[in-house]
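The block underneath contains the structure these notes are about, expressed in structure tokens.
Every read-out reported here was derived from the displayed coordinates using simple, explicitly stated rules and does not represent laboratory data. Note that the structure is predicted; figures quoted are calculated from it, not measured. Because the Cβ atoms are built from the backbone with ideal geometry, glycine has one as well, and the counts that use them run over all protein chains shown.
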Amino acid sequence: MSFLGIILTFSLVDNVVLTRLLGICPCVGAPGGMRATASTAAATGLLMSVSALAAWALETYVLLPLGLDFLKTPAFVLAVACIAGLLDLAARRAVPQLLRAAGVPVAAVAFNCATLGVVLIAAKGGFTALQSLVVGLSAGAGFFIALTVLTAIREKLDVEQVPEWLRGLPLHLISAGLLAYAFLAFDRAFLSRIFQGW
Amino acid sequence: MLVGLCPAAAVTGRVIDALWMSLGMAFVLILTSLSRVILHLLLDAPGSAGSGSRESGLLGSRWLGVLFLAACFTASFEVIMGAFAPQESAALGIYVPLLAVNCIVLERLADGSPRRAIQENGARIFRALGAAASRGAAFAVALVLISVVRETLGSGTITLFPLGAFGGTIVVSGISAAPARALLFAGGGFLCLGYLAGLVRLAGRLRNRRPRAAGEAGAQ
């Protein structure tokens, strides 16, 4: 698959939130405004790309040569958790004011099933090192798109007159469902016709 | 509170997938809770190497250790499921390994230190087991409820475990001829979850209103 194909597939066609249904909790349940959402999405995207690359290295140089393929899940979970911790530490040292502004523990929010899901999908796809990195970045971009659009919808809905029993989480989930249907428009065949040979 | 939503929306297209997922969640939750308490008992015992050490927070070394155990239990369940139900294992795909980082499991891991509770109550292990089992059961009920609604309306069938002469599939006459297939898509999972969450809230409000109305009538 070409790099354009990977980018379009993992950011739009096979969106990690709206197609794979991963990382829903931060999308519909996380408190905070657009700034906190953007920080969370950016941190998750960064974690996804670094983790995808690390998982590729782990699988290629450790698990497969030693015949420890069955230990893939624990190895990947541990790798992602360690990378999340290291990124959190680096962010605290490098951009402490940004973390204060975000108001959320970035490592804790970024370490969710979407991150591990992308790592597992990348490992299953048999990509090269660079392709794995692009898969992680594209999935992170897809996560960013879904999270920011859902937060914008949530902020609009919170000031609208809606039935009381649907206010809050139920309506956020229904909005996510309608957005997921809208994302069905990003069909693989349709996009391949636009971008010939992707 | 709705946590651990991802499998609730993703694997509820068939009832049998929801049942397998619930089984996996119960397996991982119970064994992880048990190992977490045992680990705390060993490390926090008076005179042990870990005694008096500071409780590690999220992404701390002790938390990572229990997370690794959760991932090992998940991998064990993957192997067991692959041996006994290879088709269902393939159908669930990446969602079984993702049990290790499900919010319900992570919430149990990030729960406060049971050190004081161990000192106060020696039956902590049984309490942890009970809490894990009840959470697993609640997760199973929610997952099966969503999957019954989605599969019945989305394909007009209910798929269960095959048993003897029973093939495992119940056809719902009337719906199976013209099902609402859109419910089986990803968006259908969100829609179903959203409406069910709203209905649960509505039922809770109606239940709260009834005793209040009865109390007011009694006062008059």
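Per residue of A:157-170, other chain Cβ atoms within 10 Å of the residue Cβ number 3 on average. By other beta-carbon atoms within 10 Å, ranking A:R167, A:R154 with the fewest at the front produces A:R167, A:R154.
Note on A:179-192: average number of Cβ atoms from other chains within 10 Å of each residue's Cβ is 2. The 3J(HN,Hα) values that the Karplus relation (6.51, -1.76, 1.60; θ = phi - 60°) gives for the stretch A:136-148 are, in residue order, x, 5, 5, 5, x, 5, x, 4, 4, 4, 4, 5, 5 Hz. Gly and Pro appear as x. Return P(r) of the stretch A:3-194 (all Cα-Cα pairs; 10 Å bins starting at 0; whole %; ordered from short to long distances). P(r) for the stretch A:3-194, in whole percents per bin: 9, 34, 33, 19, 5, 1. Cβ crowding within 10 Å ranks A:D69, A:D88 as A:D69, A:D88, fewest other Cβ atoms first. So, counting K/R as plus one and D/E as minus one, what does the shell of residues with Cβ under 10 Å around B:I16 add up to? Once positives and negatives cancel, what remains is -2.
With the simple spin-label model, which puts each label point 7 Å out from Cα in the Cβ direction, the A:F3 to B:I38 separation comes to 5.0 nm.
Net charge near A:E59, counting Lys/Arg +1 and Asp/Glu -1 over other residues with Cβ under 11 Å of its Cβ? Show your work: numbers first, answer last.
Numbers: positive: A:K72, A:K124; negative: A:D69.
It works out to a net charge of +1.
A:W165 sits among other residues whose Cβ lies under 14 Å from its own Cβ, and their net charge, with Lys and Arg +1 and Asp and Glu -1, is +4. Averaged over the residues of peptide B:70-76, the number of Cβ atoms from other protein chains lying within 10 Å of each residue's Cβ is 5.
Phi angles of the stretch A:115-124 translate, via the Karplus equation with coefficients 6.51, -1.76, 1.60 and θ = phi - 60°, into HN-Hα couplings of 5, 5, x, 5, 4, 5, 5, 5, 5, 6 Hz per residue; Gly and Pro are given as x. Under the simplified labelling scheme, the A:E155-A:L89 pair shows an inter-label distance of 3.5 nm, with each label point 7 Å from Cα along Cα→Cβ.
Would you order B:R62, A:R20 from fewest to most other beta-carbon atoms within 10 Å of each residue's own beta-carbon?
Least crowded to most crowded, the residues run B:R62, A:R20.
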